[in-house]
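Working notes, structure below.
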Amino acid sequence: KQWYQRRVAITAGILGPTKNIKSITRNDLVDYISRHYQPKNIYIAAAGGIDHAELVKLAEKNFGAMATTQEDSIPFPPARFSGSLMNYRDDDNPFCHVALAVEGCGWTNPDYFPLMVANTLIGNWNRAQGGGRNIPSKFARKIHEMGAGQSFMAFNTCYKDTGLWGIYGVVDPANDGIRPFIMAIQSEFRRLYRSVSPGEIQRAKNLLKTYLLAQCDGTTAVCEDIGRQMLTYGRRIPLAEIDSRIEAVDQQSLKKVMAEYVYDVDPALVALGATEGTPDYGLLRSLMSGPFE
């Protein structure tokens with residue numbers, strides 16, 4: 001939230017401040033339900049051994065009388081990402097938690113799947129896991145050999161018209177380990193642009209497809225996926241289409257999104273804990289515009 005300019009919807013907390021919660025009345029709840037629980041905002045999803053005609057009858061019986069009583073007039077201006085460095089030092093914390101991100105894309109953007117493949121290429125890693133350094137991710141092997149990194153996780157968080165793409169990690173600050181860890185992240189960004197092999201990309205695509213399919217393991221998960229896609233895309237995307245869009249990602253499309261979203265842009269870094277040794281923003285920004293080729 002801190003990476004977006006103030007007074008835009010994305011920076012507003014879900015619950016709001018404590019004083020607002022304490023001041024909620026019955027009328028506030030009724031007004032909220034009548035404003036948002038409208039036919040245009042509701043999708044009925046079902047999965048499993050369901051007869052479609054029977055489902056339609058039940059929907060008409062239980063929801064057929066619903067009508068739009070008022071229009072949602074709350075304005076939502078476009079989100080505006082702002083690169084920044086936020087350092088929350090707490091030396092009582094034995095580790096430094098860092099997140100380095102750039103502005104990504106929204107759900108419906110054509111670059112969504114190339115960025116997801118890039119996200120999967122980086123992957124995630126924890127020093128306690130059994131594989132040690134014998135894992136496919138080159139970035140994970142590099143962090144293992146550096147010694148300071150305890151874990152990391154690539155993320156691609158999407159919203160309606162914007163997103164966050166980057167890496168979160170936990171670092172041991174001993175022996176000035178924070179700066180090399182952050183610089184290793186930026187080095188990995190450059191590697192994704194210039195030297196990822198077709199074999200790595202294919203492995204990432206296979207992993208991504210496996211992950212997306214595993215999320216739909218069961219009727220409850222399928223219903224959630226249907227509802228999420230209807231609210232996001234306005235339709236259910238067939239698995240065959242998802243497969244083809246992931247398979248369409250190649251070296252050129254990966255290079256394109258890395259050049260557009262990562263190269264020479266203002267990054268955002270948040271550091272929490274034992275943050276002594278965190279690089280200043282000038283160095284951080286300069287390494288986003290170094291030679292990518």
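The values are calculated or read from the model by the stated rules, or taken from the named source; none is laboratory data. This one's a predicted model, so the numbers in the text were calculated from it and none came from an experiment. Cβ coordinates were reconstructed from backbone atoms using ideal geometry, including for glycine residues, and neighbour counts include every protein chain displayed. Note: accessible area is taken over every heavy atom of the protein model, side chains too, but ligands, DNA and RNA are not part of it. Shrake-Rupley method; radii C 1.70, N 1.55, O 1.52, S 1.80 Å.
Restricting the calculation to alpha carbons of region 88-230 gives Rg and Dmax of 16.6, 50 angstrom. The heavy atoms of Trp107 present about 80 square angstrom of accessible area, all protein chains included, probe 1.4 Å. Summing Lys and Arg as +1 and Asp and Glu as -1 over all other residues whose Cβ lies under 14 Å from the Cβ of Thr232 gives a net charge of +1.
Over region 34-117, what per residue volume does the convex hull of the Cα atoms give, in whole Å³?
279
Between Thr219, Thr275, Thr162, where does the largest GNM mean-square fluctuation fall for the chain, given springs only between Cα atoms within less than 10 Å? For the chain, modelled as a Gaussian network with Cα springs under 10 Å, the answer is Thr219. In the frame of its principal axes, region 246-287 has Cα extents of 43, 21, 12 Å, reported largest first.
Peptide packing: for 113-121, 46-54, the average count of neighbouring Cβ atoms within 10 Å per residue gives the ranking 113-121, 46-54, highest mean first.
Taking only the C-alpha atoms of region 125-182, Rg followed by Dmax gives 13.1, 42 Å. Here the Gaussian network model covers the chain, with springs between Cα atoms less than 10 Å apart; of Ala271, Ala174, Ala59, Ala59 fluctuates the most. To put it simply, the accessible area of the chain at a 1.4 Å probe is 54 percent carbon and sulfur.
In a Gaussian network model over the chain where Cα atoms closer than 10 Å are linked, find which of Arg35, Arg190, Arg228 has the largest mean-square fluctuation. Highest fluctuation among the options: Arg35.
Relative to the longest principal axis of the Cα atoms of the chain, the long axis of helix 219-233 lies at roughly 90 degrees.
The residues of the chain have, on average, 57 Å² of accessible surface per residue, using a 1.4 Å probe with all protein chains present.
Assuming charge only on the beta carbon of Lys and Arg (+1) and of Asp and Glu (-1), the dipole of the chain about its Cα centre is about 100 debye to the nearest 20. Please state the relative contact order of the chain as a whole percent: Cα pairs under 8 Å, 6+ residues apart? For the chain, the relative contact order is 28 percent. Summary of packing: across the peptides 242-252, 135-145, the per-residue average of other C-beta atoms within 10 Å ranks them, highest first, as 135-145, 242-252. Binning the C-alpha pair distances of region 171-291 at 10 Å intervals from 0 yields a P(r) profile of 11, 28, 26, 26, 9, 0 %, listed from the shortest bin outward. In degrees from 0 to 90, rounded to the nearest 10, what is the angle of the helix 251-261 Cα long axis to the longest principal axis of the chain? Approximately 90 degrees, to the nearest 10.
Given in Å, the Rg to one decimal and the Dmax to the nearest whole number for the Cα atoms of the chain are 22.3, 67.
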